[in-house]
Amino acid sequence: MIKYRLICDADHEFEGWFRDSADYDVQSEKGLIDCPSCGSDEVRKAVMAPAVARREGSRTERLAAIHKDLASAVARARDYVEKNFDYVGEKFPEEARKIHYGETEERSIYGEASGKEVKELIDEGVQISPLPGAKPDEADAPKTPAASKKLN
């Protein structure tokens with residue numbers, strides 16, 4: 001894994017984790033990297049100092065720092081979705097399909113779906129992203145928070 005500091009055309013800085021530098025290049029060329037602050041897909045790498053491995057600090061401390069960075073990124077992503085997407089609750093699978101098949105207005109939505117519903121939507125080609133970081137539903141079938149944004 002590699003972490004890059006990124007910056008959008010509106011000068012919002014954020015971090016992104018990628019499998020390797022080629023993974024960043026592919027996602028960037030396809031316009032798949034969005035600014036969590038404004039949604040712009042005009043994103044480039046920001047200047048940063050290379051991370052040099054040090055013997056100091058335990059593996060546990062390094063993993064804790066990575067976990068903290070990831071938790072912060074997840075919180076920012078959830079906050080962005082909650083502020084900018086329409087909440088449709090448990091009607092998420094139905095609404096996501098309607099948008100996908102052009103039966104209703106195109107818009108960004110979020111809501112809840114069971115793991116089975118999420119799998120079915122993905123199998124149908126509906127563009128969704130499960131949102132990590134939510135507490136599981138106490139009901140019989142756990143719900144997975146998910147967001148849908150129609151890609152051009």
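In this structure, the residue pairs whose Cα-Cα separation is over 21 Å, taken from Lys68/Lys91; Lys68/Lys116; Lys3/Lys30, are Lys68/Lys91; Lys68/Lys116.
So what's the net charge close to Asp25: Lys and Arg +1, Asp and Glu -1, counting the other residues with Cβ under 14 Å from its Cβ?
Working: positive: Arg19, Lys30, Arg44, Lys45; negative: Asp20, Asp23, Glu29.
Combined, the nearby Lys, Arg, Asp and Glu give +1.
Here, each number is a calculation from the coordinates, and none is a lab measurement. Small disclaimer: the values here were computed from a predicted structure and weren't measured. Neighbour counts are summed over all protein chains in view; Cβ atoms, including those assigned to glycine, are modelled from backbone coordinates with ideal geometry.
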